[in-house]
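Chemist: First the structure, then my questions, so here it is.
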Amino acid sequence: MDCTRFGNKLNYYRERNDMTEKDLARKLGVTVRMVEKWENSEAVPNDRIIQKLSDMFGVDFWNYLDLDEKHGGRHDPDDEPDRSPFEIMRENRAQRKMNGRSASSNQSMGKVLSILLAVLAAVFFLLDDFIFYDLLHRPELSYLSLPVVILLLVLSSIAGRKK
């Protein structure tokens, strides 16, 4: 969502009403840094704050949020009678949260895989004599034990990295 127009309009109406960022932050119950982020188009306030701003300045701030390209940045309630701007914002937030959760579950799977590979390397290192001599009856393959352990440890460290 592009919030450049929103930030510019908020700055315009705040200055037009002779308010400092500190004054606005105090009236809204937020930090000055939050107001700066909104005006610099780094963030968009929640539904409650947007409604407070609209009431405070007598301006529909929803019209300055580019909710989708179909409306060109304007919300026309007749066009989508079953979806309010609040619902659109909630859906966007929910989607962002879901994207964050899937990334964290991928990291968890990487950690689990890393641990499993490390355990496999340790087991192989401890049981390589048994595996090559007793199980496979191939003592000539015992030279492979160290490279296999190193390979498993390298794979373990790769799997455990953050993506």
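Rule-based calculations on the coordinates, nothing more; no lab input. Owing to the predicted nature of the structure, the values given are computational and were not obtained by experimental measurement. Positions of Cβ are backbone-derived with ideal geometry, glycine not excepted, and every protein chain shown enters the neighbour counts.
Chemist: Consider segment 12-28. How many of its residues are free of Cβ contacts under 8 Å to residues at least 24 places away in the same chain, surrounded by fewer than 13 Cβ atoms within 10 Å (Cβ to Cβ) and within 13 Å of L53 (Cα to Cα)?
Modeler: Qualifying residue count for the region: 0.
Chemist: Let me ask something else about it. Which of the residues that make up segment 128-163 are charged (D, E, K, R) and surrounded by fewer than 16 Cβ atoms within 10 Å (Cβ to Cβ)? Give the derivation first.
Modeler: Taking segment 128-163 and keeping what is charged (D, E, K, R), we get 128-129, 134, 138, 140, 161-163.
The answer is D129, D134, R138, E140, R161, K162, K163.
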